[in-house]
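Report on the following structure.
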Amino acid sequence: MPHKIFEIDEIFRPIAGHVVDLSGSSAIALACCCKAFEEPVLSSYWEEQSLDKLARVIPTGVLKRSGLNRSSYYVCTPEGSKVAKESSLTCAVLQTTTRLPTQEERDRLLRYAFWIKRITCVITRRFEAFFKILQLSSPTETPFPNLRGLTLWIYPPLLRFLPLFVSSRMSTFSISVYRDTPFDPKTVERDYLAAVVAALPTSLREFTLRIDHAGLGSGELKEEVLLMIRRCGQTLVYLKIDVELPAVTIQRVMRLPNLRTWEVHRSLLPATLTSCSEATYLPALRSLALSATNTYDWVIFLTSSYPTVDAVRSTLTELNLNDHCAVDPILIAQICVFTNLTRLEVGWSCPEDRCTFALADDDLSRLSLTLPRLEWLTLGHQCDKNTCRTTFRSLLFLSARCPRLTSILIHFNTMQITQDIRSLFETTNPGIKELWDSPTRCQIETFSVFETPLSLKGSDELDVVKRGFLNVFPRLRNIARRCGRTWQCLTEALEK
Ligand SMILES: [Zn+2]
């Protein structure tokens, strides 16, 4: 007789789950020798299992590999009909088999099919593995009814299988479509995408759509994305779309009441979109990432669209600007509207021939005054031109006024760094002196200079620069750099 504990599901099931967490092979061994363990162990096991492993239980010969495309395994149902079959999910399941599964194989497959229904999260780059799995399940119902998160990398011909994966419990839907040829908006693939979107639960929280090899014109996929926003807009907290969206969709996005994170990729700002003073724009937004070809226009649009009420525009805490966004005073002035930023990143590199970092010390002074909560500041990688107008003084502004900073990446000119630091030690300007003597400092231990050159004459200058850095960054221990023997000397001096 098994011990009574085996009958108390609430106790026994977590124990089995724990054994699976500790060691999958031990759990399987237990399940094989003790009947009571089998169900709870398998249950826990399949919730976490990789589908590739499941695919290995399918007997060879039951599946036929299409000769046309390496990634186009097709599905055969246990019934094994040779006719393409319409399921209730309006998804045609192609059935190509070299032979029908035997009864024993079918029983085994269906037994595993029961378990895959428990899978709650799927992330895969190998979509073809799914095709094998699908045959384990009846094509007339969702193979993964418990799925809460789905992340797929997929090719357009496989889109037809997508509706099979949508479950009513899903909270995260993420799909990346890879295309070898330019996407034809008239192709049937769009219909499948539309079918998926129409089936998404209205409680969806996260949505990601990526289409590689874009070349999408304005308006393509507009209906699908708009449909998704209409359907799931009330609950969406995360949105990442990297296809070009028309103005009407962007305006719709900007009214999402609960959106906390928005990643805009590759979408041009439509010329028809003008600033708006509606107070309801993105009231919950915390994080915004822009990676568009006209990022600059986006920033101007977004900052000027926000109302002047501080309470609304101060919600944003993270701003990330990638690609083609030169750092200049106008951009920084716009960004300073978001007074509660903790993270500001501008992914910018100067072109080969010249430096385009266009800020001066006054701009960094203003930034440090208006964004005192900054924890992370990246304004592009320092180039080796050393022609910028910011100096060591900017580092002082940031360290003294933004004490939470853990990373700073800004250009600063080192041509006269020794004189700059000496003038700070000897300053009679009361405002600067107060900052220079202030005990408030950020706690940076590693400071990155990337390609900034540095040359110092003798150990006197090295000592001045060292004392200057330690006054601004008292915990500094390391200078991270691409090159430069002098920076190396400074790091060694800091270690002493
Ligand atoms: Zn530069």
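The values are calculated or read from the model by the stated rules, or taken from the named source; none is laboratory data. What you are looking at is a predicted structure, and each value in this text was computed from that prediction instead of being measured. Don't worry about glycine lacking a Cβ; one is built from the backbone with ideal geometry, like all the others, and counts go over all protein chains shown.
Within the range 225-241, can one find any residue that is under 22 Å from I123 (Cβ atoms) and at pLDDT below 85? No, there is no match, as no residue in the range 225-241 is under 22 Å from I123 (Cβ atoms) and at pLDDT below 85.
The combined condition, being part of a strand (DSSP E or B) and either surrounded by fewer than 18 Cβ atoms within 10 Å (Cβ to Cβ) or in the same structural domain as N386 (by TED's automatic domain parsing) (or both), is not fulfilled by F469.
Take the conditions within 25 Å of the chain's Cα centre (by Cα), at pLDDT below 80 and farther than 29 Å from S291 by Cβ and apply them to F114. Does it pass? No: the conditions fail for F114. Go over the candidates T342, T317 one by one and state the one that is closer than 19 Å to T378 by Cβ, crowded, with 17+ Cβ neighbours inside 10 Å, outside the structural domain of R389 (by TED's automatic domain parsing) and modelled with pLDDT of 85 or more. It is T317.
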